[in-house]
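One structure is given below, encoded as structure tokens.
Laboratory data are not the source of any read-out in this text; all were calculated from the coordinates shown. Since the structure is predicted, the reported quantities are computational estimates derived from the model, not experimental observations. In this analysis, Cβ positions are derived from the backbone assuming ideal geometry, glycine residues included, and neighbour counts consider all displayed protein chains.
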Amino acid sequence: MKVSNMKLLFLAISAFVQFSLTAQDHYTHFCGQVKAREKLFGQHPNADSEARQAAAELEAYTQSFSEERGGGGDPVYIIPVVFHIIHNNGSENISDAQVMDALNILTRDFRKLNADTSAIIDEFEAIAADTRIEFRLAAKDPQGNCHSGINRTLSELTYDGFNEEMRLLSTWPRNSYLNIWICASIGGNVAGFTNLPGDVNASWLADIDGIVLTDSYIGSIGTGNTLTSRALTHEVGHWLNLYHPWGPTNSPGDEDNCNFDDLVSDTPNTIGYTSCALNSSSCTAEIDNVQNYMEYSYCSRMFTWGQRQRMRAALTSTVAQRNQLWSNTNLIETGVLDPPLCEAKFIAERTSICVDESVQFTDLSFHNVTSWSWNFGDGNSVIGNDPLIHKNPIHEYITQGTYTVSLTVSNGSENLQSVIAGYVTVNNAGQHDTPFNEGFENGFPANNWSYYNQNADPTWEVTPTASYSGTKSLKLRNYSNTIADNVDELYSATYDVSGVDTIYLSYRWAYANKLDETDDRLRISVSGNCGNSWDVRKLRKGFTNLPTADPINSQFTPTSQSQWGGETLILLNDVWMTDRFRVKFEFIGKGGNNIFLDDINITSATTVGVREILPSFVFNVYPNPAAEDLTLELIQSTSELVNISVYSSTGQLCQSIQKQVSSGRNSITLDRQSAGLYTILLEKNGSIATQKVIFK
């Protein structure tokens, strides 16, 4: 296929056009090209003329390119890659495994190692090309330090992928790395975009040179899928100066596309496809190359030899510094030729379990690990070099205790070790009966509590400087925290609440915002299966219902009971009524202030009253059953503040009274409720008592 001079001139002048893969499903494609181009040249008005000149230079170079001019010998070009995952703690924070899956697919496609080449139709089988271009994850950062090649940055800009500021949050030199940014959304249902080399040739545009993709269009696992897994292959094609087969538009199916082409001699002119119409001839008698990676057909599986030559020309041209990426010097400096063993690192699926339960461990070490030696702290180990067996083992703990876990990794010549003391806590079922009262006056964490501190920074600790009752409480020093979304988890032991119908979980907390209002979170969850799964029962936020004291721009410490809050959660779901009931307090720090916990009480009840024990105080309610209002009678030795709550059988709060009662006999009227079973909960000085009543 030949192209006219008019077409060649048009495409050379238009080479700054930014292309976007804009499919959200198999059938509909929405164009992000215009928006991206407007942002680029609106923000950088001088880029237009510079881009035209650079594109014309690259086009002239490409039309006369041969492998001899590019260095000869048909070399394999290796491109160091860095992934920048811009996330807001959502699904867009994809796993390392999904990143590696995407990178493997990319190299597989460019090297024509994909198994689906067997389905290429006869008309194009002979010209399906191995481009001899490979992509490897960077093993060193720009400063020469060992690195995983994956950066994670917390930012709400993840929802605005067109915004240049998102890319500027994390970018490495484009003459050393291909930058790929992963985000939650680009806008307008755009899946991804990149710039042609001429678009960003100007040195002052180097920091935004790369590829942006949403998390659902990267790889075939995790949030990705097989159908959309070629999006990165498509975008790298644009990044290496390929057009869509129908030319410089983003409107496949338009008959006007027959007037343009992609400047590649072996891809027939086409209108473009959003479906896999394999035997179509839209512009000439030639069959359209619907299976091309630069199509939108979703059955793409090939580049042509002409596209191969065009991309290799882009890699040997000085435009946008693509020719510096694959140099031997750069491959050594970025560590991709012989990646060093950088770090021994691992995580556990759970760190707090019950006896006879298993833990899945995952190795996060890098690079080129060839053998693993695990010590689980209970006298058992796993050692070997089979990744399927030794890399990510599952281990069962059969004895209660707290265990230190270690991993030693090797690449055959070097060894590195990671040791985490007290990493796994194993509980017996039913370690405690209810009621359970915790004021942190004794040892911590001891047998009642364990914690998980993923960042190894200050975490939950007993403090004698503040308390609601007694002399101590639990404190989390959050004021000086500089880690965004820093999570500290506090786990209870197991409680035997089998056979009850209601669990009462009460606690007190103290917290103050900083003056500029911060959005720290306190999340309270419960589990009936020892923590295999958790149900969130309360979420307190720094903007709304977490603060108990006035904002302060210094270290907060409560100085009186009035600076504490308190509540009782009524738990009625049968799935929690087991001998493996547990409670979790989870604090998510977002740059706010300190938080304190005290007087955590767990009480369980049956239809005849508080289970197995007498409460620390008693009250009487009559008549019961009742057809009218109830009378609650409380005998006091001193005057004090009491809280009275009436809950329905579904846990709904029906009436709440706070009253300062006097010494002696006190009578308090409770409103009549609709017919049914209710729980009356009376709380004073950190202790609670309950009674069931029936309204007729």
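Each Lys or Arg adds one and each Asp or Glu takes one away; over the other residues whose Cβ falls under 14 Å from the Cβ of Gly384, this sums to -1.
Remark: the Cα gyration tensor places the range 346-427 in the prolate category, a/c being 1.5 or greater and a/b exceeding b/c. With a sphere of radius 15 Å drawn around the Cβ of Ser674, what net charge do the other residues whose Cβ falls strictly inside it have (Lys, Arg +1; Asp, Glu -1)? Within the 15 Å Cβ shell, the charges total -1. From the coordinates of this entry, volume of the Cα convex hull per residue in Å³ is computed, and it appears in [x] 194; [y] 178; [z] 285 under the label [x].
Counting only DSSP beta bridges whose two residues both lie in the chain, roughly 80 percent are antiparallel. Karplus-based coupling profile of the range 197-211, in residue order and whole Hz: x, x, 4, 10, 4, 4, 4, 7, 10, 4, 6, 10, 7, x, 10, with θ = phi - 60° in 6.51 cos²θ - 1.76 cosθ + 1.60 and x standing for Gly or Pro. Structural descriptor for the chain: relative contact order 9 percent, calculated from alpha carbon pairs under 8 angstrom and at least 6 residues apart.
From most to least packed by mean Cβ count within 10 Å, the peptides 328-335, 245-252, 631-638 give 245-252, 328-335, 631-638. Size descriptors for the range 432-606, from the alpha-carbon set: Rg then Dmax equal 15.7, 48 Å. Packing around the peptides 382-394, 102-114, taken as the average count of other Cβ atoms within 10 Å per residue, puts them in this order, highest first: 102-114, 382-394.
Which of rounded, prolate or oblate describes the range 402-480 when judged by the alpha-carbon gyration tensor and an a/c cut-off of 1.5? Because a/c hits 1.5 or more and a/b fails to exceed b/c, the range 402-480 counts as oblate. Per the Cα gyration tensor, the range 165-311 maps to an equivalent ellipsoid with semi-axes of 28, 18, 13 Å, ordered largest to smallest.
If packing is taken as the mean number of other Cβ atoms within 10 Å per residue, what is the order of 504-510, 357-363, highest first?
Details: 504-510: 23.9, 357-363: 17.3.
Ranking, from highest mean packing down: 504-510, 357-363.
Summary of the geometry: the range 169-224 and the range 270-341, compared by the centres of their Cα atoms, lie 16 Å apart.
How would the range 266-418 be classified by its alpha-carbon gyration tensor: rounded, prolate or oblate, with rounded meaning a/c under 1.5 and the a/b versus b/c comparison settling the rest? In terms of gyration-tensor shape, oblate.
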